[in-house]
Amino acid sequence: MFDKIIDGFVKTFIAEDRYKMFLNGFWNTIQIAFVATIIGVIIGAIVAIIRVFHKQTGKLVILDKICEIYTTVIRGTPVVVQLLITYNIIFVWSTQAVLIGMIGFGLNSGAYVAEIMRGGINAVDIGQTEAGRSLGLSSFTTMKSIVLPQAIKNVLPAIGNEFISLLKETSIIGFLGVIDLTKAAERVISRTMNVYFPYISIALVYLAVVYGLSYLLKLLERRLAKSDR
Amino acid sequence: MTDNKVIIDVKGLYKTFDGKKMILQGINCQINKGEKIVIIGPSGGGKSTFLRCLNLLEKPTYGEIWVNGKLITPVDPYLHFDVIKASLTYGKMFEKKRAENPIISDEDLSNEIIAEIKENDLLNEKREGRAFKDLVKDIYLNNYIQIDLARQKMGMVFQHFNLFPHMTVKENITFAPVSLKLKTPEEAAKRADELLERVGLLEKADAYPSQLSGGQKQRIAIVRALAMDPEVMLFDEPTSALDPEMVGEVLDLIKQLASEGMTMIVVTHEMGFAREVAERVLFISEGLILEEAPPEQFFNSPKNPRLVQFLQKVL
């Protein structure tokens, strides 16, 4: 029994330097999740601001419509389908699957972040905007320095959840042939026929990363909460 | 356009919300430098809307507002006879009426037509021809001031304070002057200290708004407006959200400002304050200024029946 465990461990990680496959997969997962998160936040913030600005002023009609269609389409279709379309149709000339994964997941995440942020911005009392504008600040400065900081503080837990789901969702990037953590486990299994070690160990890795991420978010939340003692 | 004693000039101000409810229906009002105006009236009568129109937190539907001789609203063609006369509608009506009535003098005819156009809202701004359009544009370009610039000189104090909760008291006060590059951070900080000292809240400089009482918050909100060195202060029911024991400290500060010669317009329910501080009291109800008079006359011998009724209820 004990021998079997040792044997499984050796076969999974040590034989033929297979731990390198896991490391490589882990690196791809982290890379994709990290860049996609940044793309998602940028797109999400821009879309949210456009939509709120449109609602407040009635300007930017066309941009607002584009943003609305974007969120509807992204939220209404599975992320796998979006990735396949991005890879096989939009970027058909490119084989940079990792890069396309970043873009695909970023676009996907952007729609969710946008809706979260829009809710967060709308939840900030209109009096804050009025106070900012009444001091002579431009609508841009008021949004950037007065409304957004409060909105972000309110939506941070929801955005954190979004990051966490994004990290876990990247496990389907194998559809594009990228060797991420999950795909690495499958590759190893196809050689060793041992399913326990690869699957359990990658589950633990995901768990550890998510746990670390939650911890960081909690620290950030606590820092931002210093004004409501 | 206006003599330089007048700081705010409101002409023919109308405001409807969503084209339905008429909140303001034709307000004309001039406010002089250094004058203390108190506005009272029943809820829903339009007094807050009027105040908020003065710095364009609400956009007037019709009418013009001039601040320091500068236009902050779009041009309202109905307020300019020469603009009406330049319109195609006027041209057509003039010819038609002239044919009907050859004897009437040009001037009388013109007045008649202008009155009719104003009465029936006959101008369609998009279809009044080049001359009309050019004239409107001309008036606008020669007189307008960008609203953010005008607002820098008009402090506003809100019923619910609206301090920025994510900034300390000091940051609340210095943010706008520094961000607008009106003051260096050092100058702004020094001014903030002076003002805080004056209202007795210097020790709260590094506190956050959530750590202050309502009265303290409102005094900080006043200081925040004062840090912009405004020429006029607008107060929108500054004590209505306060616990009774905190009303006094806020009113005292406003009185102090008044005694220093600050121009101010105060919407309030505090009749005692109105009596004491106001130089002119306006009664706004049903979207109109139904009465305006010095406080003595306003409270002791009101003329408008609606005001008489109102005073009976509140005094």
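Structure notes:
- Where residue B:51 falls short, out of the listed (1) within 14 Å of chain A (Cβ to nearest Cβ); (2) surrounded by fewer than 16 Cβ atoms within 10 Å (Cβ to Cβ); (3) under 14 Å from residue B:237 (Cα atoms): (2)
- Subset of the range A:186-204 (residues that are open to solvent by 70 Å² or more (accessible area, probe 1.4 Å) and aromatic (Phe, Trp, Tyr)): A:196, A:199
- Residue list for the range A:1-22, filter: surrounded by 13 or more Cβ atoms within 10 Å (Cβ to Cβ) and free of Cβ contacts under 8 Å to residues at least 40 places away in the same chain: A:7, A:10, A:19
- The lone criterion from (1) more than 13 Å from every other protein chain (Cβ to nearest Cβ); (2) of a type outside the set (D, E, K, R); (3) not in a helix (DSSP H, G or I) left unmet by residue B:216 is number (3).
- There is no residue in the range B:170-182 that is closer than 27 Å to residue A:123 by Cβ and in contact with a strand residue (DSSP E or B) (Cβ under 8 Å, 6 or more places away or on another chain).
- For the range A:35-66, the set of residues classified as of a type outside the set (Gly, Ala, Ser) and more than 26 Å from residue A:127 (Cβ to Cβ) consists of A:35, A:37, A:38, A:39, A:41, A:42, A:43, A:61, A:62, A:63, A:65, A:66, listed by residue number.
- Enumeration of residues in the range B:268-315 that are in contact (Cβ under 8 Å) with a residue 40 or more places away in the chain and assigned to a loop (DSSP other than H, G, I, E, B): B:268, B:269, B:278, B:279, B:286, B:287, B:315
- Among (1) in contact with a Phe, Trp or Tyr (Cβ under 9 Å, 6 or more places away or on another chain); (2) within 14 Å of another protein chain (Cβ to nearest Cβ); (3) assigned to a loop (DSSP other than H, G, I, E, B) - the single one residue B:188 does not satisfy: (3)
- Taken over the range A:73-102, the criterion of being open to solvent by 90 Å² or more (accessible area, probe 1.4 Å) and over 19 Å from residue A:35 (Cβ atoms) is satisfied by A:75, A:89, A:92, A:93.
- Residue in the range B:244-263 that is hydrophobic (A, V, I, L, M, F, W, C) and part of a strand (DSSP E or B) present: no
- Residues of the range B:246-303 classified as more than 20 Å from the chain's Cα centre (by Cα) and open to solvent by 30 Å² or more (accessible area, probe 1.4 Å), total: 16
- Candidates are the residues of the range B:1-60 that are among the acidic types (Asp, Glu) and in a loop (DSSP other than H, G, I, E, B); the one that is farthest from residue B:142 (Cα to Cα) is B:18.
- Scanning the range B:150-162 for residues that are more than 7 Å from chain A (Cβ to nearest Cβ) and farther than 16 Å from residue A:126 by Cβ turns up B:150, B:153, B:154, B:155, B:157.
- Meeting the requirement of 1 or more residues that are more than 14 Å from every other protein chain (Cβ to nearest Cβ) and free of Cβ contacts under 8 Å to residues at least 60 places away in the same chain, the helices (runs of 4 or more DSSP H) wholly within the range A:45-160 are A:61-76, A:79-85, A:97-123.
- Hits in the range A:175-185 - residues which are open to solvent by 20 Å² or more (accessible area, probe 1.4 Å), part of a helix (DSSP H, G or I) and over 30 Å from residue A:5 (Cβ atoms): A:175
- The helices (runs of 4 or more DSSP H) found entirely in the range B:63-128 that carry 2 or more residues being over 25 Å from the mean Cα position of the chain (by Cα) and of a type in the set (Asp, Glu) are B:88-100, B:106-120.
- Residue A:172 being farther than 30 Å from residue A:205 by Cα and open to solvent by 30 Å² or more (accessible area, probe 1.4 Å): no
- The residue pairs whose first member lies in the range B:120-148 and is on the phi > 0 side of the Ramachandran plot, whose second member is of a type in the set (Gly, Ala, Ser), and whose beta carbons are closer than 9 Å, counting only pairs six or more residues apart or on different chains, are B:129/B:86; B:129/B:87; B:129/B:91.
The values are calculated or read from the model by the stated rules, or taken from the named source; none is laboratory data. Keep in mind it's a predicted model, so treat the numbers as computed, not measured. Please note: Cβ atoms are built from the backbone with ideal geometry, for glycine as well, and neighbour counts cover all protein chains shown. Heads up: the accessible areas ignore ligands, DNA and RNA and are worked out on the full protein's heavy atoms, side chains in. Shrake-Rupley method; radii C 1.70, N 1.55, O 1.52, S 1.80 Å.
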